[in-house]
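Trainee: The structure's right below; bear with me while I get my questions together.
The values are calculated or read from the model by the stated rules, or taken from the named source; none is laboratory data. The structure displayed is predicted, hence computed values, not measured ones. Heads up, the Cβs are rebuilt from the backbone with ideal geometry, glycines too, and the neighbour counts pull from every protein chain shown.
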Amino acid sequence: MRKAVWKWLRPYLLKIRLLRDWIISIEDSRAHAKLRKHFVTLIEKARLAKDNLEVQNLYAEWNHEQASIDEPNYVETSDRLVRKARRLYVPVPTIPARYDAMSDDWQMSNVTGDWALTVGAYERMQRDVQTAQRAANDEWRKWVTLGLALAGFILGLTSLWMKAKQPDPCQRNYYRNDSGACVFALIPPPTVPIGTPQQSSNPSHP
């Protein structure tokens with residue numbers, strides 16, 4: 001039951017990049033362990049029988065089986081790096097037109113029959129891609145900073161405009177005094193008639 005569920009679920013999980021690399025790494029490790037257990041036993045038997053030719057044949061077969069596990073993954077990793085390099089406009093070496101052509105940048109897989117970058121070309125292109133990616137990230141951060149500054153400026157202007165458009169809570173013919181209260185504008189302030197003696201605040205005077 002578990003194998004049937006895993007067989008159904010595996011293709012969907014492989015579509016997720018992080019899970020895909022993790023699943024393939026575990027499966028490859030298990031496959032290599034299984035090969036080692038199988039061939040080490042056979043090689044020990046051949047050595048005890050002093051059959052050197054059989055030992056060499058077993059080592060050759062073991063290497064071929066290991067390559068059948070590793071090379072498809074390396075080809076896919078190489079293709080992934082090439083795609084990323086082209087997205088970042090990093091120069092990619094030209095693939096040879098013939099399968100038997102000699103190239104310092106490309107090698108043909110004996111398992112899949114596909115072209116893949118050589119180890120030296122892969123490491124060189126990986127450095128170029130990392131440099132281009134850092135430059136692209138710096139450019140992206142500059143635009144994000146500019147966008148945030150522009151958004152803050154627009155929000156500030158909008159806030160001022162909304163505040164200016166806000167209606168005055170005071171009714172018509174009212175104005176705001178210094179304390180912020182609404183005062184009727186048509187009522188004059190109280191005045192003291194001319195000639196009226198002002199009451200002294202000193203109680204000693206009559």
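Trainee: Looking only at region 115-138, count how many residues are charged (D, E, K, R), at pLDDT 90 or above and loosely packed, with under 14 Cβ neighbours inside 10 Å.
Mentor: Of the residues in region 115-138, 3 are charged (D, E, K, R), at pLDDT 90 or above and loosely packed, with under 14 Cβ neighbours inside 10 Å.
Trainee: Filter region 84-115 down to residues that are within 25 Å of S68 (Cβ to Cβ) and among the hydroxyl-bearing types (S, T, Y) and give me whichever is farthest from the chain's Cα centre (by Cα). Explain how you work it out, then say what you get.
Mentor: Narrowing region 84-115 to residues within 25 Å of S68 (Cβ to Cβ): 95-96, 98-103, 105-115.
Narrowing further to those that are among the hydroxyl-bearing types (S, T, Y): 99, 103, 109, 112.
Numbers: Y99: 37, S103: 34, S109: 31, T112: 31 Å.
By that ranking, first place goes to Y99.
Trainee: Hey, another quick one. Can you confirm whether region 116-139 contains a residue that is β-branched (V, I, T) and over 28 Å from the mean Cα position of the chain (by Cα)?
Mentor: Filtering region 116-139 down to residues β-branched (V, I, T) leaves 118-119, 129, 131.
Those still in the list that are over 28 Å from the mean Cα position of the chain (by Cα) too: none.
No.
Trainee: Let me confirm something: among I43, I23, which residue is part of a helix (DSSP H, G or I), within 33 Å of the chain's Cα centre (by Cα) and not basic (K, R)?
Mentor: On the way: I43 fails: within 33 Å of the chain's Cα centre (by Cα).
Just one listed residue meets the conditions, I23.
Trainee: How many of the residues making up region 29-47 are among the aromatic types (F, W, Y) and within 26 Å of D114 (Cα to Cα)? Working first, answer last.
Mentor: Step one: of region 29-47, the residues among the aromatic types (F, W, Y) are 39.
Now drop any that are not within 26 Å of D114 (Cα to Cα), which leaves none.
Total meeting the criteria: 0.
Trainee: Evaluate the following for V129: is it of a type in the set (A, V, I, L, M), assigned to a helix (DSSP H, G or I) and out of contact with any Phe, Trp or Tyr (no Cβ under 8 Å at 6 or more places or on another chain)?
Mentor: Values: of a type in the set (A, V, I, L, M): yes; assigned to a helix (DSSP H, G or I): yes; out of contact with any Phe, Trp or Tyr (no Cβ under 8 Å at 6 or more places or on another chain): yes.
Taking the combined requirement at face value, the residue satisfies it.
Trainee: Another question, if that's okay. How many residues does region 14-42 contain that are at pLDDT below 80 and either of a type in the set (A, V, I, L, M) or closer than 14 Å to D70 by Cα (or both)?
Mentor: Pass one, region 14-42, residues at pLDDT below 80: 14, 17-18.
If we keep only those that are either of a type in the set (A, V, I, L, M) or closer than 14 Å to D70 by Cα (or both) too, we end up with 14, 18.
The qualifying residues number 2.
Trainee: A follow-up question, please. If you check K84, K50, K15, which single one turns out to be under 23 Å from D114 (Cβ atoms) and part of a loop (DSSP other than H, G, I, E, B)? Please lay out each step first, then the result.
Mentor: Numbers: K84 fails: part of a loop (DSSP other than H, G, I, E, B); K50 fails: under 23 Å from D114 (Cβ atoms).
Result: K15 is the single residue among K84, K50, K15 that is under 23 Å from D114 (Cβ atoms) and part of a loop (DSSP other than H, G, I, E, B).
Trainee: How many residues does region 78-98 hold that are surrounded by 11 or more Cβ atoms within 10 Å (Cβ to Cβ), in contact (Cβ under 8 Å) with a residue 12 or more places away in the chain and not hydrophobic (A, V, I, L, M, F, W, C)?
Mentor: 5
Trainee: Related question: Could you please find all residues in region 113-126 being free of Cβ contacts under 8 Å to residues at least 24 places away in the same chain and in a loop (DSSP other than H, G, I, E, B)?
Mentor: G113, T118
Yes/no per residue for (1) free of Cβ contacts under 8 Å to residues at least 12 places away in the same chain; (2) outside any helix (DSSP H, G or I); (3) hydroxyl-bearing (S, T, Y):
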position: S29; (1), (2), (3): yes, no, yes
position: Q66; (1), (2), (3): no, no, no
position: E76; (1), (2), (3): yes, no, no
position: D100; (1), (2), (3): yes, yes, no
position: V111; (1), (2), (3): no, yes, no
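Trainee: Looking only at region 144-151, decide whether some residue is within 28 Å of I24 (Cβ to Cβ) and surrounded by fewer than 14 Cβ atoms within 10 Å (Cβ to Cβ).
Mentor: First pass over region 144-151, keeping only residues within 28 Å of I24 (Cβ to Cβ): none.
Looking through region 144-151, none of the residues is within 28 Å of I24 (Cβ to Cβ) and surrounded by fewer than 14 Cβ atoms within 10 Å (Cβ to Cβ).
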